[in-house]
1. What is the dipole size for segment B:3-72, taken about its Cα centre, with +1 at each Lys and Arg Cβ and -1 at each Asp and Glu Cβ, in debye to the nearest 20?
2. If I compute solvent accessible area with a 1.4 Å probe over the protein chains, what percent of it on chain B is carbon and sulfur?
3. Quote the total accessible area buried by chains B and A together, excluding ligands, DNA and RNA, probe 1.4 Å, nearest 100 Å².
4. Name the residue farthest towards the positive end of the dipole of the protein assembly as shown from the options B:Gln40, B:Ser98, A:Phe24, assuming +1 on Cβ of Lys and Arg, -1 on Cβ of Asp and Glu, about the Cα centre.
5. Can you tell me how segment B:1-151 classifies by the Cα gyration tensor, rounded, prolate or oblate, using a/c under 1.5 as the rounded cut?
6. Apply the a/c threshold of 1.5 to the C-alpha gyration tensor of segment A:1-142 and tell me whether it is rounded, prolate or oblate.
7. So for the protein assembly as shown, taking the charge dipole from beta-carbon charges (+1 Lys/Arg, -1 Asp/Glu), which of A:Gly87, A:Thr56, A:Val7 sits furthest toward the positive end?
8. Most fluctuating residue of B:Gln34, B:Gln134, B:Gln125 in a GNM of chain B with Cα springs under 10 Å: which is it?
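The values are calculated or read from the model by the stated rules, or taken from the named source; none is laboratory data. Everything numeric here is computed off the predicted structure, so don't read it as measured data. FYI the Cβ positions are ideal-geometry reconstructions off the backbone, even for glycines, and counts take in every protein chain you see. For accessibility, only protein heavy atoms count, side chains too; no ligands or nucleic acids. Shrake-Rupley method; radii C 1.70, N 1.55, O 1.52, S 1.80 Å.
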Amino acid sequence: MENRELVLLVEDSDDDALMLRRAFKVAAIAIPLAHVKSGTQAVSYLRGDGDYGNRTVHPLPKIVLLDLGLPEMDGYEVLTWIREQPGLRTLPVIVLTGLATGDGIVRAYQLGANSFLMKSADFEQLVTLSKALAEYWLETKATPAAGKVEPFKTPYPPDQRRVA
Amino acid sequence: MSDFGVILVVEDREDDILLIKRAFKKITLPNPIQIVRDGQEAVDYLLGEGEFSNRDEHPLPSLILLDLKMPRMDGFEFLVWIRKQDEFRHLPVVVLTSSSELRDVNAAYRLGANSFLVKPHDFEQFIGLNKSLQQIWIKHGRTPDAMRPARTKQAQQQV
């Protein structure tokens, strides 16, 4: 098994991140949750910039939970970037948002989101959601994470960085 | 129209179709199911060709469950096709197959599958799988309203 036993949460709200962390705990999900607070930070993490280059401490995630409304680089831009990276094309990215519009759902799927989930403000609902997430995405063997993913090489040219 | 999106099941084996129907019934999934027998039939269904031309009887799906090994056009070929269609490329496609070969898993994801599920042999486990499928795609999940992109076309035809 590769060293990818991690969920990467991209979420700008500390409160929401904390609530999800608690929900994971209540749902007895053993897999660690790493939290980054912006799209650019998510890119840095996945690209292995600086400290993130230490993959023992910061392993590539098994799945990414992605909020859409993020400062600087929003969730759609993060999705676009991820799908442009050869090593990350099959990384499961699950949108987790509090606000869903018809256009937003279509756009996220078009850009390559694997799934689109609504985060509830209700804690019990969030626990149910976390359990379902773990069952569906983490406890299955048939995720591409279990396979060989090419080493992550593609640099992210800073001049292509889109700032919202 | 039903509030619940149509699930299009693409599966050639009658046994498996029956199994899926039984599982959906058992978990009381409210979504209407439509069945087609291979990739080509799924293409015809989405395009509304031939026997599928009546959209009231054969509404566009909001989720597709796709087997891989099928005659005429297999699951991989169907994935390639659907991801090239502007009207349909956003539709979530969940591969549901008996193969758990990593080669198939990786290929399916690479071709744009949203998720890959392995059919368990045991019925109780299959029920469990369908429950989590329901949680992820129906209860907490949002799928595109498949009628939207197509409505334009239909509206034009009606005008």
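1. Values: 9 positive and 14 negative charges, 72 e Å.
Once rounded to the nearest 20, the dipole reads 340 debye.
2. Ligands and nucleic acids excluded, carbon and sulfur reach 48 percent.
3. On the way: alone 8910 and 8610 Å², together 14940 Å².
Looking at B and A, the buried total is near 2600 Å².
4. Of the listed residues, the answer is A:Phe24.
5. Details: a/c = 1.43, a/b = 1.14, b/c = 1.26.
Note, shape of segment B:1-151 comes out rounded.
6. rounded
7. Of the options given, the answer is A:Thr56.
8. Its mean-square fluctuation being the largest, the pick is B:Gln125.
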